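Here is the structure we will look at, set down as structure tokens.
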Amino acid sequence: MTPLLTALVVYSAVLVGLGAWIGRRVSNTQGFFVSDRNLGPGMLAATLLAANIGASATVGATGLAYDFGAAAWW
């Protein structure tokens, strides 16, 4: 296995492990989806912004890169 592939496998395993460890603290679906309604306005805005940026990067930018090539980076 190449060092890059090894690093990706280890990184993926760490993320899965971290998600499983943190997931044990969630007791019900309300706690998962709305954080037991304990988020302040700043953290809520940051969460919504992060979700929007994540979706844009994975869906929108990929389509632009397909259509326009490297120029889509800008």
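How long are the three semi-axes of the equivalent ellipsoid of the chain, in whole Å, if each is the root of 5 times an eigenvalue of the C-alpha gyration tensor, listed from largest down?
30, 23, 9
Go ahead and estimate [θ] at 222 nm for the chain from helices alone: -39,500 (n - 2.57) per DSSP H run with n ≥ 4, summed, over the residue count, rounded to 500.
The helix-only estimate for the chain comes to -21000 deg cm²/dmol at 222 nm.
As an exercise, use a Förster radius of 25 Å and the Cβ-Cβ distance of residue 72 and residue 13 to find the FRET efficiency, rounded to the nearest 0.05.
The value I calculate is 0.20.
Exactly which trypsin sites (Lys or Arg not before Pro) in the chain are in a DSSP loop and have at most 12 other Cβ atoms within 10 Å?
Qualifying residues, ordered by number: 24, 25.
Every number in this text was worked out from the coordinates using simple rules, so none of it is lab data. Since the model is a prediction, treat every value here as computed from it, not as a measurement. So basically every Cβ, Gly included, is an ideal-geometry build from the backbone, and we count neighbours across all protein chains shown.
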